[in-house]
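Colleague: There's a structure below that I have some questions on.
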Amino acid sequence: MRGLLPLFRGLHTVSNRQARRKAGIVGSRCGLCGTQSVNKSQPRFGLLFDIDGVLVRGRMLIPAAKLAVEKLVDSQGRFVVPVVFVTNAGNCLRQTKADQISHILGVPITEDQVIMSHSPLRMFKKFHDKCVLVSGQGPVLEIAKNVGFKNVVSIDMVRESYPLLDMVDHNRRPKLPSTPVVSLPTVEAVVLFGEPIRWETNLQLIIDILLTHGNLNSPHQTHAVPHLPLLACNMDLMWMAEANSPRFGHGTFLVCLENIYKKITGKDLKYDALMGKPSELTYHFAEYLIRSQAMQRQWKLPITSLYAIGDNLMTDIYGANMYNRFLEERASIKNPKAVAQVVAATGSSTAMPGGEEEFDSMWESELALPSATSCKSILVCTGVYNPNAEVPSDASRCIKETVFHGHRDFRFDPALVEPNYIVQDVAEAVDLIFQQEKFVPR
């Protein structure tokens with residue numbers, strides 16, 4: 001990503017300046033100075049917050065997050081605008097994550113204000129009755145059942161039933177020859193929630209499942225195509241914790257899995273769906289939750305604008321901009337199938353379950369059509385993004401030579417990784433949004 005960072009450090013000044021001109025604002029770099037008429041009525045916008053690198057670093061609260069929350073809640077601790085926390089984490093239930101955020105921020109958060117990378121899986125009903133193998137860490141069986149899967153097998157269950165398959169760690173190898181302990185049902189699909197703890201074990205057993213078409217009593221069939229359905233959540237190559245540099249994310253695990261599969265079979269690993277940011281499915285779900293909050297608060301005017309605040313160009317900014325492109329296409333032709341054009345432009349067809357018609361039917365029946373007409377992206381400098389990288393003399397070469405840190409199935413489009421705004425931190429982002437919307441809390 002190093003090639004991109006200097007470029008967008010230069011771009012943020014241009015982007016913010018253009019936005020200020022459009023809004024008639026003259027002032028500081030982020031357009032926080034100067035006001036015109038203000039809107040003291042109900043909000044017509046919603047906020048999508050990333051968590052790691054925006055609100056927290058590991059378990060440490062970023063100081064600006066406390067200031068941001070103070071601006072967003074009233075004297076009774078209620079949010080004055082619809083807010084959804086969108087994380088690519090997938091190692092716990094939504095309620096657990098809501099409790100964690102509530103504890104850290106000091107305000108009540110419900111599970112309906114949280115989207116995990118696996119949240120959209122509840123819409124994949126055609127897989128819910130199949131026997132699925134799940135990979136990740138945390139309570140993976142409980143998570144799978146919570147989103148609708150009824151017949152679930154974990155990596156640990158496979159390893160215990162077939163102890164001879166996990167052979168990398170010599171200390172975990174069986175001391176004596178053994179046979180399968182428990183006969184497991186034939187696996188019919190694989191669901192990847194997030195990065196596991198023992199990568200070598202998960203990589204080996206997932207490959208075994210794919211190459212035996214779910215029947216581990218048979219040998220590998222490297223020429224069998226297609227392989228079992230594969231659903232993956234969280235494509236983050238890296239994420240920001242307490243360390244000075246980003247850490248490996250589930251996207252790195254997916255890179256390993258994809259390359260091992262191709263090295264063995266000579267064929268590309270195929271996904272039936274990719275979820276979590278930057279997948280548009282995640283943003284459809286987020287918009288639905290924003291809309292639902294406004295209805296619960298009995299705000300009668302529709303929510304027409306979304307603002308997505310994140311620290312990662314390749315997930316937060318790419319995803320928000322891709323969803324904004326969808327909303328613009330839909331608004332221009334009044335046709336929900338415009339999403340197909342977004343997919344064609346970004347190369348992200350695997351973000352959808354099944355074909356275009358199936359996606360439209362599933363999405364419309366589950367979530368209804370969006371009321372939002374725009375989704376603006378705001379990049380903060382407290383996480384993965386590094387604003388201090390050296391600016392090259394020839395910025396045009398920067399795009400051509402950059403290393404794309406997005407997922408393999410998402411085509412690199414420079415326009416999709418250009419944020420609408422770059423600010424120092426989340427408190428500054430909230431100030432900017434209120435300024436743009438001319439909004440003053442009651």
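Colleague: Using the heavy atoms of the protein chains and a 1.4 angstrom probe, tell me the accessible area per residue for the stretch 121-274 in square angstrom. Please report the intermediate quantities before stating the final value.
Modeller: Numbers: 7360 Å² over 154 residues.
Ligands and nucleic acids excluded, the result is 48 Å² per residue.
Colleague: Relative contact order for the stretch 121-274: what is it in percent, counting Cα pairs under 8 Å that are at least 6 residues apart? Let's see the in-between values first.
Modeller: Working: 243 pairs, mean separation 30.0, N = 154.
RCO, the stretch 121-274: 20 percent.
Colleague: Moving to a separate point now. When you count, for each residue, the other Cβ atoms within 10 Å and take the mean per peptide, how do 90-97, 115-122 rank with the highest first?
Modeller: Details: 90-97: 20.1, 115-122: 26.2.
Going from most to least packed, we get 115-122, 90-97.
Colleague: Sort 199, 239 by heavy-atom solvent-accessible area, probe 1.4 angstrom, most to least.
Modeller: Details: 199 60, 239 80 Å².
Largest accessible area first, the list is 239, 199.
Colleague: Continuing with the same structure: Rg and Dmax of the stretch 121-274 over Cα atoms: what are they, in angstrom?
Modeller: Answer for the stretch 121-274, Rg first and Dmax second: 15.5, 47 Å.
Colleague: Relative to the present Cα-Cα distance, how much length would full extension add between residue 304 and residue 331 at 0.36 nm per residue of separation? Mind showing how you got there, number by number?
Modeller: Numbers: separation 27, 0.36 × 27 = 9.72 nm, distance 1.13 nm.
Between residue 304 and residue 331, full extension yields 8.6 nm more.
Colleague: Using the Cα centre of the stretch 121-274 as origin and beta-carbon charges of +1 (Lys, Arg) and -1 (Asp, Glu), tell me which of 174, 215, 197 is placed farthest towards the positive end of the dipole.
Modeller: 215
Colleague: Moving to a separate point now. Determine ³J(HN,Hα), in whole Hz, for all residues of the stretch 147-161 in sequence, where each value follows from phi through the Karplus function 6.51 cos²θ - 1.76 cosθ + 1.60 and θ = phi - 60°; x replaces Gly and Pro.
Modeller: For the stretch 147-161, the Karplus-derived couplings read 8, x, 6, 9, 10, 10, 10, 9, 4, 4, 5, 5, 4, 5, 6 Hz, x marking Gly and Pro.
Colleague: Around residue 294, with a cut-off of 10 angstrom between Cβ atoms, what is the net charge of the other residues, counting Lys and Arg +1 and Asp and Glu -1? Walk me through the intermediate numbers first.
Modeller: On the way: positive: 44, 291, 297, 300; negative: none.
Within the 10 Å Cβ shell, the charges total +4.
Colleague: Compute the distance from the alpha-carbon center of the stretch 85-99 to that of the stretch 178-241, in whole Å.
Modeller: So the two Cα centres are separated by 24 Å.
Colleague: Stokes-Einstein at 10 °C, 1.306 mPa s, Kirkwood radius from Cα pairs: D for the stretch 83-188 in µm² s⁻¹?
Modeller: D = 100 µm²/s.
Colleague: Something else about it: In whole percent, and with a 1.4 Å probe on the protein chains, what portion of the accessible area of the stretch 121-274 is carbon and sulfur? All intermediate terms of the calculation are to be shown ahead of the outcome.
Modeller: Values: 4040 of 7360 Å².
Carbon-and-sulfur percentage of accessible area, whole number: 55.
Colleague: From largest accessible area down, sort 277, 267, 150; use a 1.4 Å probe on the protein chains.
Modeller: Numbers: 277 10, 267 65, 150 135 Å².
If we order 277, 267, 150 from most to least accessible, we get 150, 267, 277.
Colleague: How big is the accessible area of residue 197 in square angstrom, nearest 10, if you roll a 1.4 angstrom probe over the protein chains?
Modeller: Result for residue 197: roughly 130 Å² accessible.
Colleague: Restricting to bridges with both residues inside the stretch 121-274, how much of the DSSP beta-bridge set is antiparallel, in percent to the nearest 5?
Modeller: Working: 2 of 15 bridges.
Around 15 percent of the beta bridges assigned by DSSP in the stretch 121-274 are antiparallel ones.
The values are calculated or read from the model by the stated rules, or taken from the named source; none is laboratory data. Predicted model, so just to flag it, every value in this text is computed and none were measured. Cβ sites come from the backbone with ideal geometry, for glycine too, and all protein chains shown count toward neighbours. The accessibility values were calculated without ligands, DNA or RNA, using every heavy atom of the protein model including side chains. Shrake-Rupley method; radii C 1.70, N 1.55, O 1.52, S 1.80 Å.
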